[in-house]
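The values are calculated or read from the model by the stated rules, or taken from the named source; none is laboratory data. Not measured: the values here are computed from a predicted model. Methodologically, a virtual Cβ is constructed for each residue, glycine included, from the backbone with ideal geometry; neighbour enumeration extends over all protein chains shown. Quick note on the areas: whole protein, heavy atoms, side chains included, nothing else; ligands and nucleic acids left out. Shrake-Rupley method; radii C 1.70, N 1.55, O 1.52, S 1.80 Å.
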Amino acid sequence: MKLFMLADNMDVGGAETHIWELSRLLVARGHRVTVLSAGGRLASMLPRVGVHHITLPSLTDPRTLPLALSALAGHIRRHKPDIVHAHTRRSAFLCRLLSLSFDFPLVVTAHAMFSARFPLNVLSFFPPSTVAVSRDIREALIRDFSVPKEHVTLIENGIDTDRFAPHPAGEHPFTVLTVSRLDRDCAHTARLLTAIAPSLTQKLGCPVRILIAGGGTALSELRTSVQAANRKTGRQTVTLLGSRT
């Protein structure tokens, strides 16, 4: 089958990683997958696993949405995908508009808790084939957008343990790794780990290493806390890795 995956961009993030892994595994099963987005760091990695990437005008800038709509229409007309899979609110909305002119099966995956405020609720579209990556997102779609519960499939969203494997056994400090978007609404775990770093070292009685991966608006605030924690332990106990692919 020919599949289109639609995203706002393919930079660093949970949804982007999900698209990368899903596309890679679909290609491994013999399907032809094309990701359409405004590009980003993960976009350059797609050809390595046999996934084609087409660059669209930005979907996050309202001024370029008409251009993105026109470009997407042209690619659907030219390539005639068997399934179109939208992974963002904007790409799903564009597909809703295009469904007036084209006949294609549409899947939408909800990767986040979408706001149901006007006018965002008008720009939201969840077809009968909708996927939610967590239980709270599924409940929000049913409650806030009146999506019939039988239209929403809940999936497990995890980590590829073959790709992200632990280090071989050896002399390594006790290591805690947290991976998250580090905006102020979701950096609580990183804050707590930084705060307990000195006491954790004492409690375990062995070297401790805390790795915090991710980027966002709380990064500067965390950097100050990390420096304070490392001064107390006298070593590089906590490390901010920033955004990583």
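Pull up the cross-link candidates among the lysines for LYS232, meaning alpha carbon to alpha carbon under 25 Å and not fewer than 8 places away within one chain.
Qualifying lysines at Cα under 25 Å: LYS203.
Once amide H atoms are built 1.01 Å from N in the peptide plane, which residues 5 or more positions from GLY242, or in another chain, come under 5 Å H to H?
So GLY242 has HN proximity to GLY214.
Dividing the Cα radius of gyration by the Kirkwood radius, what Rg/Rh value follows for the stretch 20-155?
For the stretch 20-155, the value is 0.95.
May I ask for the longest run of the chain untouched by GluC sites (Glu not before Pro) that are loop-located per DSSP and have at most 11 neighbouring C-beta atoms (other than their own) within 10 Å?
1-155
Please return the longest range in the chain lying between exposed loop sites, taking trypsin sites (Lys or Arg not before Pro), DSSP loop only, at most 15 other beta-carbon atoms within 10 Å, and leaving the sites out. Please list the in-between numbers first.
Details: sites that count: ARG29, ARG41, ARG117, ARG163, ARG184, ARG235, ARG244.
Maximal segment without exposed cleavage sites: 42-116.
Just tell me which aspartates and glutamates come within less than 20 Å, Cα to Cα, of LYS149; anything on the same chain fewer than 8 places away is out.
ASP136, GLU139
Across bins of 10 angstrom width beginning at 0, how are the C-alpha pair distances of the chain distributed, in whole percent?
7, 26, 30, 21, 12, 4, 0
Report the extension gain between ALA195 and ALA112 in nm, rounded to one decimal, defined as 0.36 nm multiplied by the number of residues separating them, less their alpha carbon distance.
Details: separation 83, 0.36 × 83 = 29.88 nm, distance 2.77 nm.
Here the segment from ALA195 to ALA112 would lengthen by 27.1 nm.
How long, wide and thick is the stretch 70-111, going by the Cα atoms along their three principal axes, in whole angstroms, largest first?
29, 19, 16
Under 10 Å, Cα contacts only: if you run a Gaussian network model on the chain, which one of VAL12, VAL133, VAL208 comes out with the highest mean-square fluctuation?
Judging by the Gaussian network model, the answer is VAL208.
If r is the Cβ-Cβ distance from LEU120 to GLU21 and R0 is 41 Å, what FRET efficiency results, to the nearest 0.05? Numbers along the way, then the final one.
Numbers: r = 28 Å, r/R0 = 0.68.
Step by step, r from the Cβ atoms, then E = 0.90.
Cα atoms only: what Rg and Dmax, in Å, come out for the stretch 155-245?
13.9, 43
Mind checking which of ASP162, ASP61, ASP183 has the largest fluctuation in a GNM of the chain, springs on alpha carbons under 10 Å?
Looking only at ASP162, ASP61, ASP183, the largest GNM fluctuation is found for ASP162.
Round to a whole number: what % of the accessible area of the stretch 89-171 belongs to carbon and sulfur, probe 1.4 Å?
Here it works out to 54 percent.
Might you tell me the accessible area per residue for the stretch 179-218, computed with a 1.4 Å probe and given in Å²? Mind dumping the intermediate values first?
Values: 2190 Å² over 40 residues.
About 55 Å² of surface per residue is accessible.
Give the calculated FRET efficiency between LEU100 and HIS188 to the nearest 0.05, with a Förster radius of 41 Å applied to their Cβ-Cβ distance.
Calculated value: 0.45.
Does anyone have the angle between helix 219-233 and the longest principal axis of the chain? Alpha-carbon axes, 0 to 90°, nearest 10?
Roughly 20 degrees between the two axes.
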